[in-house]
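These notes are about the structure you will find just below.
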Amino acid sequence: MALCTAKLIISSLLFTSTILFTANSHTFSRSLLPEELGLKKQKLSHLHFYFHDIVSGRNPTAVRVAEAKMTNTSTTAFGAVVMIDDPLTEGPELSSKIVGRAQGLYAYASLSEIGLLMVQNYFFTEGKYNGSTLSVLGRNAVFSGVREMPIVGGSRLFRFARGYAQAKTHSLDLQTGDAVVEYNVYVFHY
């Protein structure tokens, strides 16, 4: 009898530990310490570059890919969606050193002013940030002096990034629509 009771207790313990192990190995979420992912001390970085939005010529870097029926009669181009692969440079001249690309889209999202919805990744190709990205999701009121957009994430050296980008138009060609925009980006990351 004692042997049967002992076997029953051992079987019960094994079954319980199997259930606990199985439950723990398939957990949907758990808390982690940053060190468990190899994350070190959080830093604040400032990046400065120029964004070249080229809509004219034989090799545009910004192309309209969609529009609403009313877009061409709207004073704000409401409903237009533009896909971009714009160069990011150290200086305002397109011939200056390329430090990355702005890839994504912007959409004309306001009926009352030229207000863009920006959905973009800034993909860096130079220096220690080579291969890293920052993600922007926000509103850009184009004719405001300085616009601020949130940095909502990033990859590689910008994992867990958060911060903001300030955009200021450096030049705008009213005939072609081509623009150069100065960016100052402030971002917390590990």
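From the residues in region 1-58 that are of a type in the set (F, W, Y) and over 30 Å from L172 (Cβ atoms), which one is modelled with the highest pLDDT?
As a first pass, look at region 1-58 and keep what is of a type in the set (F, W, Y): 15, 21, 28, 49-51.
Subset that is over 30 Å from L172 (Cβ atoms): 15, 21, 28.
Details: F15: 53, F21: 50, F28: 91.
The selected residue is F28.
For Q175, state whether it is under 18 Å from A62 (Cβ atoms) and surrounded by fewer than 18 Cβ atoms within 10 Å (Cβ to Cβ).
In short, yes.
How many residues does region 139-154 hold that are in contact (Cβ under 8 Å) with a residue 24 or more places away in the chain and under 10 Å from the mean Cα position of the chain (by Cα)?
2
In region 27-57, what residues are in a loop (DSSP other than H, G, I, E, B) and touching a residue at least 60 places away in the same chain (Cβ under 8 Å)?
L39, K40, K41, Q42, I54, V55, S56, G57
Out of all the residues in region 91-110, which are among the aromatic types (F, W, Y) and farther than 19 Å from T169 by Cβ?
none
The values are calculated or read from the model by the stated rules, or taken from the named source; none is laboratory data. The model shown is predicted, which means the values in this text are computed figures rather than measured ones. Here Cβ is always computed from backbone atoms with ideal geometry, including for glycine, and neighbour counts include all displayed protein chains.
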